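The values are calculated or read from the model by the stated rules, or taken from the named source; none is laboratory data. Quick caveat, the model's predicted, so the values are computed rather than measured. All Cβ positions, glycine included, derive from the backbone under ideal geometry; neighbour counts span all protein chains shown. Ligands, DNA and RNA are excluded from the accessible area calculation, which covers all protein heavy atoms including side chains. Shrake-Rupley method; radii C 1.70, N 1.55, O 1.52, S 1.80 Å.
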Amino acid sequence: MYDLIIIGSGPAGLSAAVYGKRAGFDVVVIEMNPMSGGQVLNTYEVDNYLGMPGMNGFDMGMEFKKHAEGMGVEFVNARVSRIEKLENQYFNIITGDDSTDTSVTNDADSPSDKFKTKSIIVATGATHALLNVPGEEQHTGRGVSYCATCDGAFFRNKTVAVVGGGDVAAEDAVFLSRMCEKVYLIHRRDSLRAAKILQDRLFVCDNVEIIWDSVVEEIEGNEQVESIRLHNVKEDKHETKAVDGVFIAIGLNPNSGFVRDIVECDEGGYIIAGEDCVTKTPGVFAAGDVRTKGLRQIVTAVADGANAVASVERYLLDKPQK
Ligand code: FAD
Ligand code: NAP
């Protein structure tokens, strides 16, 4: 029986692990990826985390993990597929094949296992959304990518399209402009959602062309991506652009499918919890990008980890010991 099980080892989960260990809890972190760090691992450069200007995201993930490991936190590499509520508000966390969650896929699934705990912090973050257009699935890994920092180098001196208008799309377009001959940024509206500082960096890139008010209708090609068909929704015009790659950056879906039967989520699937990370289910707390919040950042995820543990402490103190 653990005091606390943390699911996910992105910034929120790792911060919770450090705080949990310092609070004297018997803590285990269950992470489905062989590497900890979460979305940060796919970030080329993080320039807004206090005290670490310009840090490479991968290195930051490694530093976070090292800190938690140094505190003696126990890690298990497995995907959590289900949580069972037991008597006395204890829980069984089920990992591996025994899945009810079809939103999370993991090739390296482990055999099913069970972990009993008094409290849980769900810190499973979010995963990129799909465009859901013809040719997307067929060309994934063959020109369609969801990670510019991972795959950008394959498109050196080539022409690519980035789809989206948020922070990730703007950052991806700037990043790709440094190595690609030409970058189209395709956005469905006439203004970007990205932070002003990122827009300023984007607008000075000579080889980035922004295609406004347009959606991707189809990604075309045979073995590899060759072109995209676009629809200008304002002028109701269709056009085809020759591209070698398409980077899709249209936001995130919360990784909450496996807990939706035990905690309340909003219509987007985010676990409903405030800054104290308390959910409506006693004993279950939600930290980081997976919970309802205004700003999804590393610093807010790290803060959630600390707040969630403070709430766990209050909860375990008040819980009748049977
Ligand atoms: P995540 O980082 O998503 O981590 C969740 C972890 O849970 C993952 O390791 C995942 O594998 C694991 N997990 C999921 N489901 C399960 C399961 N069922 N069982 C076990 N484990 C599971 N923020 C900034 O502040 N600055 C930036 O510059 C910045 N750049 C970004 C660039 C990109 C490309 C992206 C995608 C995001 C960026 N962000 C940035 C946002 C920031 O990365 C996130 O807000 C932050 O990582 C959220 O942390 P988290 O711990 O809540 O979730
Ligand atoms: P996001 O902010 O949700 O933006 C998604 C973008 O994709 C929006 O512009 C949206 O258009 C567009 N979009 C959504 N669905 C679409 C569809 N089906 N077809 C076409 N376009 C679609 O997501 P994000 O950019 O991935 O960022 C995720 C989180 O990480 C955010 O909280 C962000 O702040 C954070 N982040 C921060 C930094 C940083 O601080 N440096 C860097 C990267 C990420 P509309 O605008 O019309 O809605």
Check the chain for me: any Cys whose beta-carbon has no other cysteine beta-carbon within less than 4.7 Å? C180, C205, C265, C277
At a 1.4 Å probe radius, which order do F25, F58, F203, F75 fall into by accessible area, largest first? F203, F58, F75, F25
Of D167, D172, ordered by accessible area with the largest first and a 1.4 Å probe, the sequence is D167, D172
Excluding L198 itself, what net charge comes from residues whose Cβ is under 14 Å from its Cβ, given Lys and Arg +1 and Asp and Glu -1? -3
Ordered by residue, what ³J(HN,Hα) values in Hz, to whole numbers, does region 31-45 give under the Karplus form 6.51 cos²θ - 1.76 cosθ + 1.60, where θ = phi - 60° and Gly and Pro are x? 10, 7, 8, x, 10, 8, x, x, 4, 4, 4, 8, 9, 5, 9
Between 0 and 90 degrees, rounded to the nearest ten: what's the tilt of helix 11-22 against the longest Cα principal axis of the chain? 20
Using a cut-off of 11 Å between beta-carbons, work out the net charge of the residues near V76 (Lys and Arg +1, Asp and Glu -1, V76 not included). -2
For V246, what residues show an amide H to amide H distance below 5 Å, using hydrogens built from the backbone and excluding near sequence neighbours? V144, S145, A161
Counted charge near K21, where neighbours are those whose Cβ lies closer than 15 Å (Asp, Glu -1; Lys, Arg +1): -2
If you put +1 on each Lys and Arg Cβ and -1 on each Asp and Glu Cβ, how big is the dipole of the chain around its Cα centre, in Debye rounded to 20? 840
With all protein chains modelled, accessible area of C180 [1.4 Å, Å²]: 10
Could you give the nm distance between label points at E267 and D206, where each point is 7 Å from its Cα heading toward the beta carbon? 4.7
For K237, give me every one of the lysines with a C-alpha distance below 30 angstrom, ignoring sequence neighbours fewer than eight places off in its own chain. K158, K182, K196
For a quick check: with amide H placed at 1.01 Å from N, whose amide H comes under 5 Å from A129's, ignoring anything fewer than 5 positions away on the same chain? I250, G251, L252, N253
Rounded to the nearest 5, what % of DSSP beta bridges with both residues in the chain are antiparallel? 45
